[in-house]
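The values are calculated or read from the model by the stated rules, or taken from the named source; none is laboratory data. This one's a predicted model, so the numbers in the text were calculated from it and none came from an experiment. All Cβ positions, glycine included, derive from the backbone under ideal geometry; neighbour counts span all protein chains shown. For the accessible areas, the whole protein counts, side chains as well, though only heavy atoms, and no ligand, DNA or RNA atoms are used. Shrake-Rupley method; radii C 1.70, N 1.55, O 1.52, S 1.80 Å.
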There are 2 protein chains.
Amino acid sequence: MATVVQKFGGTSVADAEKIRRAAGRAIKAYNEGNKVVMVCSARGKQTDELIADAHELNPNPSKREMDMLLATGEQQTVSLMAMALDAMGHKAISFNGAQIGMVTDSAHSKARIQSIDAKRVKKQLDNGHIVIVAGFQGVDEKGNVTTLGRGGSDTSAVALAVAIGADVCEIYTDVDGIYSADPRKFPDAVKLEEISYDEMLELASLGAGVMHGRSIEFGKKYHVPIRVRSSLNDNPGTLITDEVPQMEGILVSGATIQKDLAKIGLLGVDNTPGTAAQIFAHLAGANVVVNDIIQVELSPDKANLSFTISHSDLEDAKKAINEIKKEVNCQSVFVREDIAEVSAVGVGMRSHSGVANAMFNALREAEVNVDAITTSEIRISCLVNEDQAERALVAVCKAFELDKPEEERTYNEA
Amino acid sequence: MATVVQKFGGTSVADAEKIRRAAGRAIKAYNEGNKVVMVCSARGKQTDELIADAHELNPNPSKREMDMLLATGEQQTVSLMAMALDAMGHKAISFNGAQIGMVTDSAHSKARIQSIDAKRVKKQLDNGHIVIVAGFQGVDEKGNVTTLGRGGSDTSAVALAVAIGADVCEIYTDVDGIYSADPRKFPDAVKLEEISYDEMLELASLGAGVMHGRSIEFGKKYHVPIRVRSSLNDNPGTLITDEVPQMEGILVSGATIQKDLAKIGLLGVDNTPGTAAQIFAHLAGANVVVNDIIQVELSPDKANLSFTISHSDLEDAKKAINEIKKEVNCQSVFVREDIAEVSAVGVGMRSHSGVANAMFNALREAEVNVDAITTSEIRISCLVNEDQAERALVAVCKAFELDKPEEERTYNEA
């Protein structure tokens with residue numbers, strides 16, 4: 001008898017009809033012989049409404065109280081889901097984060113899971129219940145309600161799958177799975193049958209938007225297969241799983257663009273080992289999250305250092321750099337606000353060369369200016385003008401044949 | 001330094017403005033040198049909306065899941081209240097039922113408080129916080145969320161006042177206090193400065209509607225003064241407190257009518273000791289709550305037995321009586337659906353005679369037919385035709401001068 005965790009996001013439980021549809025899916029899995037745990041988010045716009053209620057009273061509410069408020073959204077969904085299952089003739093029981101011992105640290109609004117007491121869930125599964133758990137929330141050691149931040153319900157679901165030893169964690173969403181590129185930007189993108197945790201992590205951090213990175217990290221660490229699939233049909237979706245040898249044959253699994261970036265360059269800073277550390281420590285202190293860093297040596301004494309950040313962090317970053325620029329003998333600072341990043345991701349890059357070259361050729365043929373290049377073991381990223389970003393993505397997708405099923409790609413055979 | 005518990009009902013926290021007003025009241029009490037605990041209900045119509053959401057999915061939802069759902073309403077209010085207090089410059093912290101160890105039995109939807117772990121509340125009070133606690137809810141020993149049923153937030157507030165040794169429990173509501181009669185039915189009713197727990201219990205059980213009986217029982221048992229006052233002004237309201245000797249000088253503190261009653265009569269049942277017990281045990285088994293019982297002996301062998309019930313229990317009661325009528329040799333059953341009960345309540349009745357007589361005279365002069373009479377130590381009740389109920393109330397109020405301040409009543413001096 002297998003155990004399945006099914007996670008339903010806010011749009012999949014937005015109203016009574018959708019709640020019943022999700023309940024029906026859980027019952028189907030149960031009737032196929034599985035033990036079933038559902039992890040649910042808050043209904044539709046509930047969270048936004050609660051945030052608006054909070055801001056009406058306090059423009060800058062305490063994170064502890066905000067967590068206390070928002071956690072009610074998921075608690076409502078799980079109790080309603082249990083009622084729906086009961087009405088459909090099935091034994092069901094709901095739990096909030098506290099009730100399953102979902103203990104986190106005390107970092108309100110972005111807490112990290114420390115432990116889950118799975119006994120209560122397992123006992124109810126053994127009793128034939130479908131168990132419904134509130135996603136996104138936990139409690140710290142003192143019993144304060146915490147939330148896990150963006151994508152938190154995915155993290156709850158995968159962590160719970162780990163804790164109860166589930167065979168798979170299914171993430172139900174409004175798309176059919178993970179695509180080789182965002183179909184809104186590259187309509188010929190194909191759905192992937194499988195993708196490795198590492199590739200998915202790169203795509204998630206680059207803003208692919210389907211799943212949050214932390215849940216994938218959990219899955220990778222504990223080898224829990226994660227299946228992303230549609231709540232609207234029975235298609236198998238995409239399996240996120242451990243890397244298998246045949247994945248190496250696929251050069252590029254997916255491509256993505258990240259917009260709303262800005263780039264800050266520091267020209268002629270001291271070329272000493274501690275300079276970059278000093279600058280990025282200062283930025284971190286200002287809560288600026290730095291994406292890519294590019295350093296070019298000008299002379300034994302001087303270097304140009306540039307980095308990209310979210311556009312929303314730009315003002316904080318400029319302020320932080322102005323505070324520190326004299327200390328690192330920076331000769332001048334420049335800012336580019338119209339930057340995007342186009343990336344190709346694939347574990348096949350580990351064993352194949354020529355991927356970077358193919359990507360640059362594609363961008364040159366599409367007359368896209370490449371401002372800078374950064375790479376990781378399984379990713380190549382190019383900074384481009386924001387108004388050329390969509391064109392760049394299409395060029396990269398075509399170059400790596402991301403509009404064809406993997407087995408039909410000529411590049412992979414090369 | 002005194003400790004005050006302030007309870008705010010749903011109408012007193014219905015929107016942002018009202019939440020701020022309630023917060024302002026807590027701050028005022030704090031600035032006057034008190035430690036302050038607020039107990040809050042769900043906002044305005046929240047509970048009704050959640051019940052509608054539930055019924056859309058399940059016409060008969062499990063009580064456990066209903067409690068899980070409804071408890072979110074209070075949790076939302078307390079976190080929002082904490083945010084409002086913070087915005088107004090005051091340290092505040094919110095707790096739900098589980099977090100203050102409000103442990104109840106497992107009777108979902110009507111749970112009874114078993115214990116409260118007051119340490120966490122006291123610690124935060126000592127730290128200078130205004131502490132805000134979700135009313136109406138608790139957890140059972142297994143951590144399941146429970147609710148206390150109608151008037152539950154009043155009960156939470158008084159129980160918490162007991163647990164932390166508060167000096168007073170203030171119940172904020174939309175009326176100025178407890179009146180000698182319902183001002184909608186007797187506009188000249190006067191506000192009472194004080195009333196004893198026993199009198200308030202009689203008035204509560206008779207449907208005076210301001211406070212639920214269980215909270216008054218708590219206050220009586222543990223001698224916690226309860227002050228019922230308006231959330232809209234600074235009037236002192238009415239103090240519900242232990243009986244003091246001067247209360248005995250007041251013959252009748254209040255009068256009330258209870259409508260929507262029905263009366264069932266069993267004619268010629270066996271006049272044996274076990275018959276009534278048998279009948280009422282059977283009614284209790286059918287979850288029918290019996291108000292007043294009137295038994296008249298017809299002969300050594302036979303008696304007439306009648307009782308009143310809420311109109312909403314009538315069908316269940318009729319069914320139960322039909323099941324048992326042969327066993328008790330009932331000769332016939334009659335039902336009156338148009339019954340109301342008018343009552344006068346006052347601890348002074350304990351030591352004064354003639355109250356019943358004055359009441360009957362008043363009703364006779366008002367041409368009200370009295371169907372039956374029941375009494376307790378501090379209460380006289382008459383069953384009357386429902387369409388004469390308002391007239392009966394006015395007559396009783398005038399007879400006992402409930403339109404005058406207590407010290408001006410001539411009757412009391414007699």
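Annotations for the structure displayed:
- Semi-axis lengths, largest first, of the ellipsoid equivalent to segment B:1-93 are 31, 13, 10 Å, with √(5λ) applied to each eigenvalue of the Cα gyration tensor.
- The residue among B:Phe186, B:Ala340, B:His55 whose Cα reaches farthest toward the positive pole of the charge dipole of chain B, with charges on the beta-carbon of Lys, Arg, Asp and Glu, is B:His55.
- Helix-derived mean residue ellipticity, 222 nm - over chain A, DSSP H n ≥ 4, -39500 (n - 2.57), to 500: -10500 deg cm²/dmol
- Percent accessible area from carbon and sulfur atoms, segment A:196-268, protein chains only, probe 1.4 Å: 51
- Charge dipole (debye, nearest 20) of segment B:3-174; +1 at Cβ of Lys and Arg, -1 at Cβ of Asp and Glu: 420
- Of the trypsin sites (Lys or Arg not before Pro) in segment B:314-414, the ones in a loop by DSSP (not H, G, I, E or B) with at most 11 other beta carbons within 10 Å are B:Lys326.
- For the protein assembly as shown, fraction of C-alpha pairs farther apart than 50 Å, in %: 36
- Accessible area in square angstrom per residue, the protein assembly as shown, 1.4 angstrom probe: 42
- In order through segment A:92-108: 3J(HN,Hα) via Karplus (6.51 cos²θ - 1.76 cosθ + 1.60), integer Hz, x for Gly, Pro: 8, 8, 9, 9, 8, x, 4, 6, 9, x, 7, 8, 10, 6, 9, 7, 3
- Taking max minus min of the alpha-carbon positions on each principal axis, segment B:3-174 gives extents of 49, 33, 23 Å, largest first.
- Segment A:3-243: antiparallel DSSP beta bridges as a percent of all, rounded to 5: 25
- More than 26 angstrom apart: percent of Cα pairs within segment B:255-413: 35
- Highest-fluctuation residue, B:Glu193, B:Glu74, B:Glu56 considered, GNM on chain B with Cα pairs under 10 Å: B:Glu56
- Put a dot 7 Å past the Cα of A:Lys404, heading toward its Cβ, do the same for B:Lys123, and the two dots end up 6.5 nm apart.
- Minimum 10 Å² accessible area buried by the other protein chains, segment A:74-88 residues, probe 1.4 Å, relative to alone: A:Gln75, A:Gln76, A:Ser79, A:Leu80, A:Ala82, A:Met83, A:Ala84, A:Asp86, A:Ala87
- The phi torsions of segment B:299-316, fed into the Karplus equation with coefficients 6.51, -1.76 and 1.60 and a -60° offset, translate into couplings of 7, x, 9, 10, 9, 9, 10, 10, 8, 10, 9, 5, 4, 5, 8, 4, 5, 4 Hz, rounded to whole numbers, with Gly and Pro shown as x.
- Whichever lysines have a C-alpha closer than 23 Å to that of B:Lys45, once near sequence neighbours (fewer than 8 apart) are set aside: A:Lys45, B:Lys7, B:Lys18, B:Lys63, B:Lys110
- Modelled label positions at A:Tyr222 and B:Asp174, each set 7 Å beyond Cα in the direction of Cβ, lie 4.9 nm from each other.
- At the residue level, A:Phe360 shows approximately 60 square angstrom of accessible surface with a 1.4 angstrom probe and all protein chains present.
- Choice from B:Ala42, B:Ala98, B:Ala189 with maximal GNM fluctuation in chain B (Cα, 10 Å cutoff): B:Ala98
- Once A binds B, the 1.4 Å probe can no longer reach about 3200 Å² of accessible area, counting both sides.
- Degrees, to the nearest 10: B:152-164 long Cα axis against longest axis of chain B: 60
- For segment B:291-414, the relative contact order is 21 percent, taking Cα pairs closer than 8 Å that sit 6 or more residues apart in sequence and dividing their mean separation by the residue count.
- Separation between Cα centres of segment A:251-279 and segment B:161-229, rounded to whole Å: 68
- In the complete set of protein chains, residue-level accessible area for B:Asp105 is approximately 40 Å², probe 1.4 angstrom.
- Residues of segment A:136-178 with amide N under 17 Å of the 7 Å Cα→Cβ point at A:Asn235: A:171-178
- Applying both filters, DSSP loop and at most 12 other Cβ atoms within 10 Å, to the GluC sites (Glu not before Pro) of segment B:313-414 gives B:Glu367, B:Glu377.
- Alpha carbon centroid spacing (whole Å) that separates segment A:371-395 from segment A:21-60: 36
- A Förster distance of 45 Å, applied to the separation of the beta-carbon atoms of B:Val289 and B:Asn31, puts the FRET efficiency at 0.50.
- To put it simply, the accessible area of segment A:88-186 at a 1.4 Å probe is 47 percent carbon and sulfur.
- Among beta bridges that DSSP assigns inside chain B, antiparallel share in %, nearest 5: 65
- Each Cα pair under 8 Å and six or more residues apart adds its separation to the average, and for segment B:1-118 the resulting relative contact order is 23 percent.
- Between 0 and 90°, nearest 10: helix A:213-222 axis offset from chain A longest Cα axis: 70
- Semi-axis lengths (Å, descending) of the ellipsoid that matches the C-alpha gyration tensor of chain B: 40, 28, 18
- Pair-distance profile P(r), taking every C-alpha pair of segment A:228-294, with 5 angstrom steps and integer %: 3, 9, 13, 13, 11, 10, 11, 13, 9, 4, 2, 1
- Counted over the protein assembly as shown, the DSSP beta bridges are approximately 65% antiparallel.
- For peptide A:93-101, the mean count of partner chain Cβ atoms within 10 Å of a residue's Cβ comes to 4.
- Each Lys and Arg contributes +1 and each Asp and Glu -1, all at the Cβ; summed about the Cα centre of segment A:56-148, the dipole is approximately 280 debye.
- For chain A, the longest principal axis of the C-alpha atoms and the axis of helix A:355-365 are separated by about 70°.
- Principal axis dimensions, segment B:312-406 - Cα atoms, whole angstrom, descending: 52, 29, 22
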